Amino acid sequence: MEHDVPVRGLEKRRTRRCLVLSVVAVLILIIIVAVVLGLTLTRGSNKLKPVFLDRCQKFKDSNCEEIWDAFQQAYVNRDPCQVPMERYDPLIAVASFKPSCNRMMFWSKTKDVVHDFTEKRDCFVTLEDTLLGSVLNGLTWCGKQGSSETLTTGCPGWTDCDNNPVRSFWNRISARFADVACGDVTAMLNGSIITPFSPTSIFASIEVKRLNSTRVRNLNVVLVTQENAVTNCTNGSLKNLQKELDEGIKYNCKEVSESQLKDCSSHPEKPCGACW
Ligand code: AVW
């Protein structure tokens with residue numbers, strides 16, 4: 001009986017501690033559920049617009065809100081595997097660009113080497129230097145049926161389906177880039193692979209087919225080689241490239257080593273034409 005009061009006090013304290021712990025556990029659980037739910041429901045939605053506008057505004061005199069509206073109408077509220085390239089026609093119409101004749105640079109399987117070169121030398125313009133190309137370079141996006149959101153995760157990959165929003169976009173603006181090409185155009189191809197002119201590439205399947213002899217005079221291929229080059233200008237796939245060209249466009253091919261390109265990049269005082 002003497003122990004009755006302290007034991008009851010101990011029990012009370014234990015019960016109170018249990019209660020506090022349970023409340024904390026429930027609160028933590030609620031927070032976890034809310035965070036997970038929030039992440040799943042938004043699934044990276046509406047994160048693209050600020051990046052789009054920010055990059056777009058670096059091009060002065062551009063109506064970026066209008067360009068964004070035209071861009072997102074191509075894919076919002078649609079199955080992300082049902083976005084053919086024509087869906088971007090209205091975008092092309094509002095974000096047209098003036099071609100720089102004699103300075104346009106095409107490329108295939110040389111993404112890093114070509115941009116490394118063009119960034120250091122102000123000689124050539126690639127698709128990724130144009131407003132739309134630079135705004136969307138490296139980004140992923142899609143929509144979904146029944147929603148007006150732009151998602152940036154869970155979108156189909158490049159090869160998951162042909163008509164996905166990202167692939168169709170690059171196909172469409174590449175077609176435009178080739179349609180307006182003029183004068184002498186250059187293409188940097190990869191001399192370290194067996195098929196530098198690959199039929200499945202955008203360069204082969206879209207751009208070359210659209211170069212028009214009324215505007216384009218020459219196609220100069222720069223075949224970028226490394227020490228132990230596997231390909232040269234006599235490569236079979238380059239014969240196919242010549243066959244594909246619109247009659248009247250003259251063809252030229254030059255093997256240029258990567259070190260020669262690097263050397264030229266580090267001497268910006270050399271005239272542009274002197275690199276190869
Ligand atoms: P590329 P392109 N998965 O080097 O001639 C993910 O073959 O096609 O050159 N991304 C891919 C895939 C893939 N399987 N295939 C291609 N890509 C993306 C526009 C990737 O970002 C310019 F004007 C890769 O770096 C050039 O003249 C890029 O597409 C011409 O088209 C290029 O693939 C280059 O297209």
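The values are calculated or read from the model by the stated rules, or taken from the named source; none is laboratory data. What you are looking at is a predicted structure, and each value in this text was computed from that prediction instead of being measured. Positions of Cβ are generated from backbone atoms using ideal geometry, with glycine treated the same way; all protein chains shown enter the neighbour counts. The area values use the complete protein model at the heavy-atom level, side chains included, leaving out ligands, DNA and RNA. Shrake-Rupley method; radii C 1.70, N 1.55, O 1.52, S 1.80 Å.
In this structure the amide hydrogen of Leu223, modeled in the peptide plane, comes within under 5 Å of the amide hydrogens of Leu189, Lys254, Glu255, Val256, none closer than 5 places in sequence on its chain.
Look at where the Cα atoms of the stretch 59-77 and of the stretch 130-162 average out, and the two centres are 14 Å apart. For Trp107, the residues 5 or more places off, or on other chains, whose built amide H falls under 5 Å of its own are Met188. Listed values for the stretch 222-232 are Karplus-derived 3J(HN,Hα) couplings in whole Hz (6.51 cos²θ - 1.76 cosθ + 1.60, θ = phi - 60°), namely 9, 8, 7, 10, 10, 2, 9, 4, 9, 9, 9, and x replaces Gly and Pro. For the chain, the relative contact order works out to 18 percent when only alpha carbon pairs closer than 8 Å and six or more residues apart are counted. Heavy atoms of the protein chains alone define the surface here; on that basis the chain has 56 Å² accessible area per residue at 1.4 Å probe size. With contacts taken as Cα pairs under 8 Å and at least 6 residues apart, the stretch 138-194 reaches a relative contact order of 22 percent. Pull out a ≥ b ≥ c, the square roots of the eigenvalues of the alpha-carbon gyration tensor of the stretch 78-194, then state rounded if a/c is under 1.5, prolate if not and a/b is larger than b/c, and oblate in the remaining case. Verdict is prolate for the stretch 78-194. A cut-off of 5 Å between modelled amide H atoms, ignoring neighbours fewer than 5 places along the same chain, links Asp184 with Asn102, Arg217, Asn218.
Prolate is the label for the stretch 153-276, because the ratio a/c of its alpha-carbon gyration tensor axes (a ≥ b ≥ c) is 1.5 or higher and a/b is greater than b/c. Surface composition of the chain: carbon and sulfur make up 55 percent of the accessible area, probe 1.4 Å.
For the chain, the Cβ-based charge dipole about the Cα centre amounts to some 640 debye (Lys, Arg positive; Asp, Glu negative; other atoms uncharged). Residue ranges 121-129, 234-242, 189-197, 266-274 sort as 189-197, 121-129, 234-242, 266-274 when ordered by packing (mean number of other C-beta atoms within 10 Å per residue, highest first).
What do you reckon, how do Glu244, Glu227 stack up by accessible area (1.4 Å probe), largest on top?
Values: Glu244 80, Glu227 175 Å².
Largest to smallest exposure gives the sequence Glu227, Glu244.
For the chain, what is the calculated [θ] at 222 nm in deg cm²/dmol (nearest 500), taking -39500 (n - 2.57) for each run of four or more DSSP H residues and dividing by its residue count?
Values: 9 runs with 111 residues, N = 276.
Roughly -12500 deg cm²/dmol at 222 nm, from the helical runs in the chain.
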